[in-house]
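Visitor: Starting off with a structure, shown below.
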Amino acid sequence: MQISRVLLVLLSLLCTNWARAADDEFVEDRKFLRVTLDNKTVRLEALIIKRADAKGKLPVAIIAHGKPNSQGRALDYRADMYASHLKDFAQRGYLAVVILRRGFGSSDSGSQVRVSCKSTSLVERFDSDADELDAALDQVAKRDDADVDRIIAIGVSAGGAAVTALSTRKTKGLLGVINVSGGLRFQSCPKEDALVDAFKEFGKKSKIPNLWIYARNDSLFGPDLVGRMQSAFLDGGADVKLVMLEPGRADGHRIFARPDGRIQWLPHMDAFLRQLNLPTWKREDIDSAMEKLGAKDPSRAFVEGYIWGPSERALAKQKSGTYMYRSFGARTLDRAREVALKGCEKKGSSCEVVMENDRWLSPGDNARPPSEPRRDESRRYDRRRNENRSNKNDRDDRLDVDDD
């Protein structure tokens, strides 16, 4: 019986080793955090990811999710919907955390502050969401691998407003917040004035740097409204930099989830992290990659875009040529590898994947300088679309969760 078990384990390892070669790049901790809210013990669904080779205490990056337009969809949330975003931070050297707030997914329900068309203020609601982030950080701080003196918070949609509210607290170690498409909208009644008033109140108390990222074609929070929110926040004496992205093919409110949105806002986030003296990729990383690939200056932007691109990503190169092709924002690493290889081999020669996320799969010491890469490198690949559309951006329904 023991021999059979051993053979079964060995067979399993042999069958999965090649396809899942980079699975050990990360350590994932799926758990429930027990926190205290409103003097009650509450269970919050959480996912925590870090690099497998990370050592010591790591700065913490916590993600605050948005809100869908129905309770039914809120219950369908899962923490692993944000796994690729967590990996973006883990690859940069963080202990990356996402929690599902009360009423979402497998987290407990609770006395989350409710707002409606009759509400005249949104401050209490956003403060309530910030309470949950604060409580979660208290639990994360107990981990041996968490550096509680270096914390950043990133929020999308309603979560963006939540991290803005968090920036008014005296949360230990919180150095900056990143608000992506932040706010709260009601389906049946406008609450723009209440939203502006809430950000004005937060501006009076916020004492740490804020980075706000929106898109000009955001259907929920357009440029005029965002401008009012920023002015109100600044009038209170707060510190905020606003980035307004140019319109893409999809609704601008989707920039957090979509690969073509992430490829736009991640560089702004990296610059913000550098200004705070927090970890992210370095210029030396680009120089090292260029050297290993034997690349020349015309390809620097291409290589740089791969290094800071969204997970999951892969880089393929011709075995006996100069052409390279990158894939990013895929649902799985296997899919990123597949798209990179297909794109590279469209040139008519054999290719190999040389990088998966941040890991080199071959030394590349004898690689020749690549030619200037194509502009339409693939991001996500949707199995439901035709092969001849594989270079267009794919929408991942698993991340299509932040509607309001």
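Read-outs throughout are calculated quantities, based only on the coordinates presented, and are distinct from any laboratory measurement. None of these values were measured; they are calculated from a predicted model. All Cβ positions, even for glycine, are placed from backbone atoms using ideal geometry, and neighbour counts span all protein chains on display.
Visitor: What is the gain in length, in nm to one decimal, between Thr41 and Lys170 on full extension, counting 0.36 nm per residue of separation less the C-alpha to C-alpha distance? Mind dumping the intermediate values first?
Guide: Working: separation 129, 0.36 × 129 = 46.44 nm, distance 2.23 nm.
Taking 0.36 nm per residue and subtracting the Cα distance, the gain is 44.2 nm.
Visitor: Using θ = phi - 60° and the Karplus curve 6.51 cos²θ - 1.76 cosθ + 1.60, what whole-Hz ³J(HN,Hα) does each residue of region 124-136 get, with Gly and Pro shown as x?
Guide: 4, 5, 5, 5, 5, 4, 5, 4, 5, 5, 4, 5, 5
Visitor: For region 255-265, take each phi angle, set θ = phi - 60°, evaluate the Karplus expression 6.51 cos²θ - 1.76 cosθ + 1.60, and give the result in whole Hz per residue in order, putting x for glycine and proline.
Guide: Going residue by residue, I get 5, 5, 8, 6, x, 5, x, 5, 5, 8, 8 Hz, with x marking Gly and Pro.
Visitor: Would you kindly state how much longer the chain becomes between Ser70 and Ser349 on full extension, computed as 0.36 nm times their sequence separation minus their alpha carbon distance, in nm to one decimal? Intermediate values should be presented prior to the final figure.
Guide: Details: separation 279, 0.36 × 279 = 100.44 nm, distance 4.96 nm.
Gain on extension, Ser70 to Ser349, equals 95.5 nm.
Visitor: Going by average Cβ density within 10 Å per residue, which order do the peptides 179-189, 47-57 take, highest to lowest?
Guide: Highest to lowest by the protection proxy: 179-189, 47-57.
Visitor: To check you understand DSSP bridge types, tell me what percent of the beta bridges within region 20-275 (both residues inside) are antiparallel, rounded to 5.
Guide: Antiparallel bridges make up about 35 percent of those DSSP assigns within region 20-275.
Visitor: Would you be so kind as to identify which of Leu242, Gly176, Ala130 lies farthest towards the positive end of the dipole of region 20-275, taking Lys and Arg as +1 and Asp and Glu as -1 on Cβ and the Cα centre as origin?
Guide: So the residue we want is Ala130.
Visitor: Name the residues whose placed amide hydrogens come within less than 5 Å of the amide hydrogen of Val243, ignoring near sequence neighbours (fewer than 5 apart) on the same chain.
Guide: Under 5 Å from the amide H of Val243: Trp212, Ile213, Tyr214.
Visitor: Pull out the extension gain between Arg228 and Asp147, defined as 0.36 nm times the separation in residues minus the alpha carbon to alpha carbon distance; nm, one decimal. Before the final figure, lay out each step's value.
Guide: Details: separation 81, 0.36 × 81 = 29.16 nm, distance 3.57 nm.
Result for the pair: 25.6 nm of gain on full extension.
Visitor: May I ask you to evaluate 6.51 cos²θ - 1.76 cosθ + 1.60, the Karplus curve with θ = phi - 60°, for each residue of region 334-345 and list the ³J(HN,Hα) values in order in whole Hz, giving x for glycine and proline?
Guide: 4, 5, 4, 5, 5, 5, 4, 5, 4, x, 5, 7
Visitor: Taking the Cβ-Cβ separation of Lys204 and Ser320 as r and a Förster radius of 51 Å, what is the calculated FRET efficiency to the nearest 0.05?
Guide: Rounded to the nearest 0.05, the efficiency is 0.20.
Visitor: Which residues' amide hydrogens lie under 5 Å from the amide hydrogen of Leu361, considering only partners 5 or more residues apart or on another chain, with H built in the peptide plane?
Guide: Met355, Glu356
Visitor: Under 5 Å between amide hydrogens, which residues at least 5 positions from Lys319 or on another chain qualify, with H placed 1.01 Å from N in the peptide plane?
Guide: Ser350, Cys351, Glu352
Visitor: So, one more: Using alpha-carbon positions, what is the distance between the centroids of region 249-263 and region 56-124, in Å?
Guide: 18 Å
Visitor: Between Arg249 and Glu192, what FRET efficiency comes out of the Förster formula 1/(1 + (r/R0)^6) with R0 = 30 Å and r the beta carbon distance, rounded to 0.05?
Guide: 0.70
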